[in-house]
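Here the structure is laid out as structure tokens; the discussion comes afterwards.
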Amino acid sequence: MAKKKRLRLIAEMARKIRAYRELKSQPRDSQKYALDYETMKRPHTGKMLPVLAWQDVRRESRLFSLLAGMRMFGVGRLLTRKSWLEDHSEPSYWQITKVKVDHTAENVDHGKAWGILTYKGNKESEVKEVDKVMYHDWRLIPKHVEHQFTGFVPLPEPPVRHVLYPPLLRAIILAQRKKTFGTQMAQEPMLPLQRDVLFNKDYFRKQEQEQRGTQGTAV
């Protein structure tokens, strides 16, 4: 019978202390994402923001810069991003359901938020953490405009008409293409699920003659 592993209390306590000190030594989001608006550099990492982001940094706001000035930190409100408004015709937004604020941050403008994402009109069912909260392109959706976002009905997805070939058949088709054209084509071979057949007049005449032959002639 194997001996039961003895728990070393002092070693276990030392491990927990090291993990706690390592966790406490990690910079907070308010320190990690702090920004010098004159040099456009983050003091913690020394990295400079891309030049294309400078305009949004000066004009737009981060997520918690908007939530910090709202009642209950914006729980229940809809927020979107400038890039979503410019790139997609379908509504994309977050509905905030939970907020955890970093009270040690200046102006209380850092923390974590959770919500339900609606992307390109498709609403997700699960609550998850909001990403890219430090980006400077967040916008609050006014309450009198919320119905335009929530009332959008996405179009049904078109039916699947083509699927991939089985691996062996795909390899045979690619080998035939390479043998015929000399080089392998970049286009992936697809198997159509519906075959379009064109019938001519001779086909219907033949079908009518066969039908008369099986039925016989009237007496």
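The values are calculated or read from the model by the stated rules, or taken from the named source; none is laboratory data. Just so you know, these numbers come straight off a predicted model, no measurement behind them. Glycine gets a Cβ as well: all are built from the backbone with ideal geometry, and neighbour counts include every protein chain shown. Remember, those area values only see protein heavy atoms, side chains included, never the ligands or the DNA or RNA. Shrake-Rupley method; radii C 1.70, N 1.55, O 1.52, S 1.80 Å.
Which residues, counting only those in segment 80-89, are within 13 Å of residue 117 (Cα to Cα) and either open to solvent by 60 Å² or more (accessible area, probe 1.4 Å) or not basic (Lys, Arg) (or both)?
Initially, segment 80-89 is screened for residues within 13 Å of residue 117 (Cα to Cα), giving 80-81, 84.
Residues satisfying the conditions are 80, 84.
Here's the yes/no breakdown for (1) small (Gly, Ala, Ser); (2) surrounded by fewer than 15 Cβ atoms within 10 Å (Cβ to Cβ); (3) over 23 Å from residue 32 (Cα atoms):
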position: 45; (1), (2), (3): no, yes, no
position: 51; (1), (2), (3): no, yes, no
position: 54; (1), (2), (3): no, yes, no
position: 59; (1), (2), (3): no, yes, no
position: 68; (1), (2), (3): yes, no, no
position: 72; (1), (2), (3): no, yes, yes
position: 77; (1), (2), (3): no, no, yes
position: 94; (1), (2), (3): no, no, yes
position: 101; (1), (2), (3): no, no, no
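Pairs, please: C-beta under 6 Å, at least 6 apart or cross-chain, first residue under 22 Å from residue 85 (Cα atoms) and touching a residue at least 40 places away in the same chain (Cβ under 8 Å) and in segment 102-127, second of a type outside the set (Lys, Arg) and buried (at least 17 other Cβ atoms within 10 Å of the Cβ)?
Between residues of segment 102-127 that are under 22 Å from residue 85 (Cα atoms) and touching a residue at least 40 places away in the same chain (Cβ under 8 Å) and residues that are of a type outside the set (Lys, Arg) and buried (at least 17 other Cβ atoms within 10 Å of the Cβ), the close pairs are 113/96; 113/99; 113/130.
What tally of residues in segment 21-35 results from selecting those that are within 18 Å of residue 109 (Cα to Cα) and either open to solvent by 60 Å² or more (accessible area, probe 1.4 Å) or touching a residue at least 24 places away in the same chain (Cβ under 8 Å) (or both)? Write out each step before concluding.
Start the filter on segment 21-35 by keeping residues that are within 18 Å of residue 109 (Cα to Cα), which leaves 27-35.
Pick out the ones that are also either open to solvent by 60 Å² or more (accessible area, probe 1.4 Å) or touching a residue at least 24 places away in the same chain (Cβ under 8 Å) (or both) and you get 28-33.
Of the residues in segment 21-35, 6 are within 18 Å of residue 109 (Cα to Cα) and either open to solvent by 60 Å² or more (accessible area, probe 1.4 Å) or touching a residue at least 24 places away in the same chain (Cβ under 8 Å) (or both).
Do we have any residue at all in segment 151-168 that's in contact (Cβ under 8 Å) with a residue 40 or more places away in the chain and out of contact with any Cys (no Cβ under 8 Å at 6 or more places or on another chain)?
Narrowing segment 151-168 to residues in contact (Cβ under 8 Å) with a residue 40 or more places away in the chain: 152, 154.
Keeping just the survivors that are out of contact with any Cys (no Cβ under 8 Å at 6 or more places or on another chain) gives 152, 154.
So far as segment 151-168 goes, yes, one or more of its residues are in contact (Cβ under 8 Å) with a residue 40 or more places away in the chain and out of contact with any Cys (no Cβ under 8 Å at 6 or more places or on another chain).
Can you give me the number of residues within segment 136-170 that are in a helix (DSSP H, G or I), open to solvent by 90 Å² or more (accessible area, probe 1.4 Å) and touching a Leu at 6+ places or on another chain (Cβ under 6 Å)?
So the count comes out to 0.
Take the conditions at pLDDT 90 or above, within 21 Å of the chain's Cα centre (by Cα) and surrounded by 10 or more Cβ atoms within 10 Å (Cβ to Cβ) and apply them to residue 115. Does it pass? Break it down stepwise before answering.
Working: at pLDDT 90 or above: yes; within 21 Å of the chain's Cα centre (by Cα): yes; surrounded by 10 or more Cβ atoms within 10 Å (Cβ to Cβ): yes.
It is true that residue 115 is at pLDDT 90 or above, within 21 Å of the chain's Cα centre (by Cα) and surrounded by 10 or more Cβ atoms within 10 Å (Cβ to Cβ).
Quick test of your reading of the structure: residue 179 fulfils all but one of (1) part of a loop (DSSP other than H, G, I, E, B); (2) open to solvent by 90 Å² or more (accessible area, probe 1.4 Å); (3) farther than 25 Å from residue 56 by Cβ. Name the failing condition by number.
Going through the list (1) part of a loop (DSSP other than H, G, I, E, B); (2) open to solvent by 90 Å² or more (accessible area, probe 1.4 Å); (3) farther than 25 Å from residue 56 by Cβ, residue 179 breaks only (1).
Looking at (1) under 20 Å from residue 108 (Cβ atoms); (2) among the hydrophobic types (A, V, I, L, M, F, W, C); (3) touching a strand residue (DSSP E or B) at 6+ places or on another chain (Cβ under 7 Å), which is the only condition residue 40 fails?
Failing condition for residue 40: (1).
Which members of segment 32-79 meet the condition of being within 30 Å of residue 116 (Cβ to Cβ), assigned to a loop (DSSP other than H, G, I, E, B) and among the acidic types (Asp, Glu)?
60
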